[in-house]
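All remarks here apply to the structure that follows.
What follows draws every value from the coordinates through simple rules; no lab data is involved. Note that the structure is predicted; figures quoted are calculated from it, not measured. Cβ: placed from backbone, ideal geometry, glycine included. Neighbour counts: every protein chain shown.
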């Protein structure tokens, strides 16, 4: 019977050992794996930021619509209040009082909005944690 493996040639089946990769092949494999990992982390960060931007965009649109409706309400209510005050004082004084009330409201809204804006954190925390785990 003929030998399926010529003299001096062994196979994994005959020796029971896995073939040994060279150092160059191992470095090449590690480099490829590292490149893949970095690309995946960048994709994760991009997905995270895109998701948050979409949520912020939707919320901004809703708040813009609500703001416009509130503007119209305030406009017509202001005229109603000013004309009601006109019954007890001159019209210019009634409009001045209404304007002062809106000035106070604007100041309160500005300070609360500025305070809340300082709490916004655009950092992709999940990506940073993953990168720390890789070290």
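With a cut-off of 8 Å between alpha carbons and a minimum separation of six or more residues, what is the relative contact order of the chain in percent?
The normalised contact order for the chain reaches 29 percent.
Run the simple label-point estimate for residue 131 and residue 91 please: 7 Å along Cα→C-beta, distance reported in nm.
Output for this residue pair reads 6.4 nm.
Note the full-extension length gain between residue 72 and residue 30 as 0.36 nm times their separation in residues minus their Cα-Cα distance, in nm to one decimal.
8.8 nm
Nearest 10 degrees, 0 to 90: what angle lies between the long axis of helix 23-85 and the longest principal axis of the chain (Cα atoms)?
Taking Cα atoms only, the helix is inclined about 10 degrees.
With the radius of gyration and the Kirkwood radius both derived from the Cα set of the range 21-134, what is their ratio Rg to Rh?
My calculation of the ratio gives 1.42.
At 7 Å along Cα-to-Cβ for each site, give me the label-to-label distance between residue 117 and residue 100 in nm.
Using points 7 Å along Cα→Cβ, the separation is 2.8 nm.
Could you tell me the calculated FRET efficiency between residue 83 and residue 110, based on Cβ-Cβ distance and R0 = 30 angstrom, to the nearest 0.05?
The formula returns an efficiency of 0.60 here.
If R0 is 30 Å, what FRET efficiency do you get for residue 44 and residue 21 from their C-beta distance, rounded to 0.05?
0.50
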